[in-house]
Amino acid sequence: MQKKLLHTLILLTLSVSSLSVAEITSDQINAANLTADGQEKVPPKDLYLFTEIFDHLKHNYVEPVTDEKLITNAINGLMALDPHSKYYTQEEYQAIKNRTSGAFAGIGVELSYNADNKVLTINKIFDQSPAQKSGLKVGDQIVAIDQTPISEIDPNQYSAKIQGPIGTEVILDIIRAKEPLNIKLIRANVPTPSLSIAKLYNKEFAYLRLDHFQNGSDQEIIKALDQLEAEAKSEHSTIKGIVLDLRNNPGGLLSAAIETADLFLDEGLITYTDGQSDDFKNRYSAKNTQIFPNIPLIVLINAQSASSAEIVAGALQDHKRALIVGENSFGKGSIQIIKPLVSGGAIRYTSARYYTPTGRSIQNNGITPDILIPVIKGNIEPAKASREVNQKGHLQNTSPERITPSVDFSPLIQQGDYYLYEALNMLRAMNALPAQTEKAFTTKEEVSAPK
């Protein structure tokens, strides 16, 4: 319906370019507003109002304005139904596809532009990318792309100029430590992982930070856990707990969220959606693909955990598979669909609301953690205490057994990550009570939602 409306508006506005509103008859509007089978697309009265306003602005606005700008503004007005519906140009749509595909064609850099100093700087280089292989470094300043000075390129076109078809060449003139360099790179398919950190704490706790959800996020998690398990075994240990960090994760693909939740569930509903169209009334269930069953799992969330991150946290919370720790999440309980347009651009609009397995809508409310941790700012230094061993002339311990010191995660506090500090201590507590923990993570409770 929206595509038909846009097509009708374009036809009518193009005709306005050569006709005044007074010259457009109701018969012309009615004819343009009918489909091939004679069905009405949009009320003629509303279309006439649009063309009337279009004509006034085109001929009487204080400065000349193009048809393209007026139509684009009109499209943006159509998409202003909620904060998440939007029209994308061809360049913007390509950037979205890059972020969700897990790879893009280019040299593998992220750029930052300082408009005051007009400096284009490389602030990230992707692994296994042409940029990494060519020796580019974070902090390099790009002064020209294919011999065109940065000052002569629209800042919105920097990424487009550097990206391009696989196998093609791009030449960058850069400044590094005041020394000019000329570097030729061949564009390639650059992998863009969504899992930014995979680390083993105390030889037994796997920590995974997922920055967003894209195609293959579940496979990244599987690969990382396999590597961490091998690392634990090399230290004569095993993985005894997992922390899945979804803080500041804005979401991403719904399919990727379902696949990620499915890694930790063996059955049951993950989420369901409900919209105006039957096409968007769906139920998504686990497929018995869980890994590391019965191992304690903690999911970290904060106020910027949104959308797909909330789907995963909500599903694992409803099934009592994970302990949700942190602060209340963002509260975006709607799903957007992206539809490509013939122009090469696309529209994204809200197609449905989604719900947790028990029927909770998190729109505006978010996911409430099982354990709420307030946001703590500032530097925290652990206090030094005086103990018996510090006393002058203290007695020696005569026990032959060697006391193994408790694991100390306090450096995380000094680093400002109080959430992770608490999560790791919780995993240690869970492992200290094996019988209760096993029961908590193996007891099945029926989870149902409205049919």
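The values are calculated or read from the model by the stated rules, or taken from the named source; none is laboratory data. Predicted model, so just to flag it, every value in this text is computed and none were measured. Positions of Cβ are backbone-derived with ideal geometry, glycine not excepted, and every protein chain shown enters the neighbour counts. Remember, those area values only see protein heavy atoms, side chains included, never the ligands or the DNA or RNA. Shrake-Rupley method; radii C 1.70, N 1.55, O 1.52, S 1.80 Å.
Brief remarks on what is shown
- Accessible area per residue in Å² at 1.4 Å probe, computed on the range 325-366: 42 Å²
- Restricting the range 39-143 to chymotrypsin sites (Phe, Trp or Tyr not before Pro) in coil, as DSSP defines it, with at most 13 other Cβ within 10 Å: 61
- For the residue pairs 287/320; 133/184; 199/332, alpha carbon separations beyond 20 Å are given by 199/332.
- Modelled FRET efficiency - R0 51 Å, residue 394 with residue 96, Cβ distances, 0.05 increments: 0.20
- Aspartates and glutamates with Cα under 18 Å of residue 339, excluding same-chain neighbours fewer than 8 positions away: 82, 91, 92, 278, 279
- Cross-link reach list, aspartates and glutamates versus residue 124, counting only Cα pairs under 18 Å and skipping chain neighbours closer than eight places: 110, 140, 173, 211
- Only one residue of 188, 166, 200 has its Cα farthest out toward the positive end of the dipole of the range 163-223, where Lys and Arg carry +1 and Asp and Glu -1 on Cβ, and that residue is 200.
- Approximate spin-label separation residue 197-residue 376, in nm, with each point projected 7 Å along Cα-to-Cβ: 1.6 nm
- Model label sites at residue 171 and residue 360, defined 7 Å from Cα along the beta-carbon direction, differ in position by 5.9 nm.
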